[in-house]
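The values are calculated or read from the model by the stated rules, or taken from the named source; none is laboratory data. Since we're looking at a predicted model, the values are computed, not measured. Here the Cβ is made from the backbone with ideal geometry for all residues, glycine too, and neighbour counts use every protein chain on show.
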Amino acid sequence: MKYNFDKSVARYNTESMKWDHMGKIFPVFANKDLLPLWVADMDFQCAPPIKEAIQKRVDHNVWGYTICGDDYYEVVTQWMSRRHDWHIDKNSIVYSRGIVPALSFFVQTFTNPGDSVIIQRPVYYPFTAVVENNGRHVANNTLVYKDSKYTIDFVDLEKKAQDATTKLMFLCSPHNPVGRVWLPEELEKIGDICINNDVVLVSDEVHGDLVFNGHKHFPITKVSKKFEKNTIICTAASKTFNLAGMHTSNIVIPNKKLRDNYTRTAFDKCFQLDANPIGIEATKAAYLYCEDWLNELLVYVENNMKYVAQFCKENIPGVSLVPPEGTYLAWLDFSALNITKEQLTNLIVDQCQIALDEGYFFGDEGIGFERMNVACPRSTIEECLQRIAGAVKR
Ligand SMILES: Cc1ncc(COP(=O)(O)O)c(C=O)c1O
């Protein structure tokens, strides 16, 4: 291996949300000294070309308003076509300071107060928040959990899409937190249901580069071009290359009418047009020069997942890893312990002194689960699992 992912990097006192400020995001973590394996950023240093590109920009030392240029969009399209064999028009890409703000703009653009948005819980918690906090309803197409695998209830999905108040669907592809990398046939069914019922489909593909051996991520409009009519795809280098703090993401909106509607909200009403100058350079360097780093990262993360699965099997009776197909987020099933939601939180937070994403953050369907971020050195995972094993035994 060229890169050393075993190396521990101290992150305290960097104003890190994960390490320094966890209690500000979730009160359950407040005023405690917890080992953090929660929010989805990595404890690894970025690939060297990213630092070099940022350094070069820093040397210029002028930080005025900045807009993404043609070369930026060109680099994004090249990455998508090289990595995913997905060919997009660079004019269809709209810069955003984050995917979550864009999700909120989608709600404001494509729905009216009182309308419904389909999501599939357990799912990344801002999906629920941006819908409800904008005064819309969640139409929850609960994922089906059977034999350690999550699948989609298509009958229920179709019913929800047919409801006259349903205008929008948020798909998480690959799925955070359950780790499914959706198959083309599953994506085709979702796309068909949305297109047939005039539902705008937002496919959040921020984890699309993080897929394990034997699985393949399919951007939704690669599955079928017909979905270009009603589909928006959210992408970024943020998860892939550990650049979440750069606030630089790319929203692909092939249909011009949808794109114009979206930019009226994001740019004309909210003035979210200009970009982070460092984020632009970091993203370009990542997509141009860091693919070898990503390939090694994926091996390391997949081995961490295997380690978690094996450790649980051998040392933590009643706890198992839902087999992951992608993402660096391990979804751990504690339901066989038969303890309450409060007891599980007490076990993890108070007894083990660990910050994981509590399963219930992702909706009631997540009760009895914990999400562990394994994008960290193996030694951190060993420490975390030892603490859980000890607490469960006690
Ligand atoms: C599915 C999904 N979408 C979006 C984000 C965050 O996007 P951003 O930081 O660009 O707002 C995350 C972060 O974990 C995520 O898991």
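Could you list, in sequence order, all residues of the stretch 22-35 that are surrounded by 14 or more Cβ atoms within 10 Å (Cβ to Cβ) and either within 24 Å of Trp293 (Cα to Cα) or without any contact (Cβ under 8 Å) to a residue 24 or more places away in the chain (or both)?
Gly23, Ile25
Do we have Gly366 as small (Gly, Ala, Ser), modelled with pLDDT of 95 or more and surrounded by 23 or more Cβ atoms within 10 Å (Cβ to Cβ) here?
no
With respect to Gly114, determine if the residue is small (Gly, Ala, Ser), in contact with a strand residue (DSSP E or B) (Cβ under 9 Å, 6 or more places away or on another chain) and either closer than 20 Å to Cys194 by Cα or surrounded by fewer than 17 Cβ atoms within 10 Å (Cβ to Cβ) (or both).
Considered against the rule, which asks whether it is small (Gly, Ala, Ser), in contact with a strand residue (DSSP E or B) (Cβ under 9 Å, 6 or more places away or on another chain) and either closer than 20 Å to Cys194 by Cα or surrounded by fewer than 17 Cβ atoms within 10 Å (Cβ to Cβ) (or both), Gly114 comes out as yes.
Can you name the residue in the stretch 241-258 that is more than 10 Å from the ligand (Cβ to nearest atom) and within 15 Å of Ile54 (Cα to Cα) and is also surrounded by the fewest Cβ atoms within 10 Å (Cβ to Cβ) among such residues?
Only one residue fits best here, namely Asn242.
Test Ala389 against the stated conditions and say whether it is in the same structural domain as Lys216 (by TED's automatic domain parsing), at pLDDT 95 or above and more than 17 Å from the chain's Cα centre (by Cα).
no
Scanning for something in contact (Cβ under 8 Å) with a residue 40 or more places away in the chain, surrounded by 21 or more Cβ atoms within 10 Å (Cβ to Cβ), over 30 Å from Val9 (Cα atoms) and outside the structural domain of Leu329 (by TED's automatic domain parsing), does the stretch 45-67 turn up at least one residue?
Taking every residue of the stretch 45-67 in turn, none turns out to be in contact (Cβ under 8 Å) with a residue 40 or more places away in the chain, surrounded by 21 or more Cβ atoms within 10 Å (Cβ to Cβ), over 30 Å from Val9 (Cα atoms) and outside the structural domain of Leu329 (by TED's automatic domain parsing).
May I ask you to verify whether Lys239 is touching a His at 6+ places or on another chain (Cβ under 6 Å) and touching a residue at least 24 places away in the same chain (Cβ under 8 Å)?
yes
In the set Arg82, Arg11, which member is surrounded by 14 or more Cβ atoms within 10 Å (Cβ to Cβ) and basic (Lys, Arg)?
Residue meeting the stated conditions: Arg11.
Scan the stretch 259-279 for residues that are more than 17 Å from Pro101 (Cβ to Cβ) and either touching a residue at least 24 places away in the same chain (Cβ under 8 Å) or within 16 Å of the ligand (Cβ to nearest atom) (or both) and report the count.
Of the residues in that region, 2 qualify.
Can you name every residue in the stretch 307-347 that is among the aliphatic types (A, V, I, L, M), in contact (Cβ under 8 Å) with a residue 40 or more places away in the chain and not in a helix (DSSP H, G or I)?
Those that are among the aliphatic types (A, V, I, L, M), in contact (Cβ under 8 Å) with a residue 40 or more places away in the chain and not in a helix (DSSP H, G or I): Ile316, Val319, Val322, Leu329, Ala330, Leu332.
Kindly list the number of the only condition in (1) within 27 Å of Asp85 (Cα to Cα); (2) of a type outside the set (Lys, Arg); (3) surrounded by fewer than 20 Cβ atoms within 10 Å (Cβ to Cβ); (4) within 14 Å of the ligand (Cβ to nearest atom) that fails for Val202.
(3)
Among the helices (runs of 4 or more DSSP H) contained in the stretch 182-301, which hold 1 or more residues that are modelled with pLDDT of 95 or more, within 21 Å of the chain's Cα centre (by Cα) and within 18 Å of Asn91 (Cβ to Cβ)?
220-223, 277-289
Give the residue, chosen from Asp6, Asp41, that is in the same structural domain as Val299 (by TED's automatic domain parsing), charged (D, E, K, R) and assigned to a loop (DSSP other than H, G, I, E, B).
Asp41
Out of all the residues in the stretch 230-240, is one or more away from the ligand (no atom under 15 Å from the Cβ) and crowded, with 24+ Cβ neighbours inside 10 Å?
The answer is yes, given that some residue of the stretch 230-240 is away from the ligand (no atom under 15 Å from the Cβ) and crowded, with 24+ Cβ neighbours inside 10 Å.
Select from the stretch 158-173 the residues that are among the aliphatic types (A, V, I, L, M) and closer than 20 Å to Glu185 by Cβ and list them in ascending order.
Across the stretch 158-173, the qualifying residues are Ala161, Met169, Leu171.
Does the stretch 369-384 include one or more residues that are in the same structural domain as Pro36 (by TED's automatic domain parsing), surrounded by 15 or more Cβ atoms within 10 Å (Cβ to Cβ) and touching a Ser or Thr at 6+ places or on another chain (Cβ under 7 Å)?
The answer is yes, given that some residue of the stretch 369-384 is in the same structural domain as Pro36 (by TED's automatic domain parsing), surrounded by 15 or more Cβ atoms within 10 Å (Cβ to Cβ) and touching a Ser or Thr at 6+ places or on another chain (Cβ under 7 Å).
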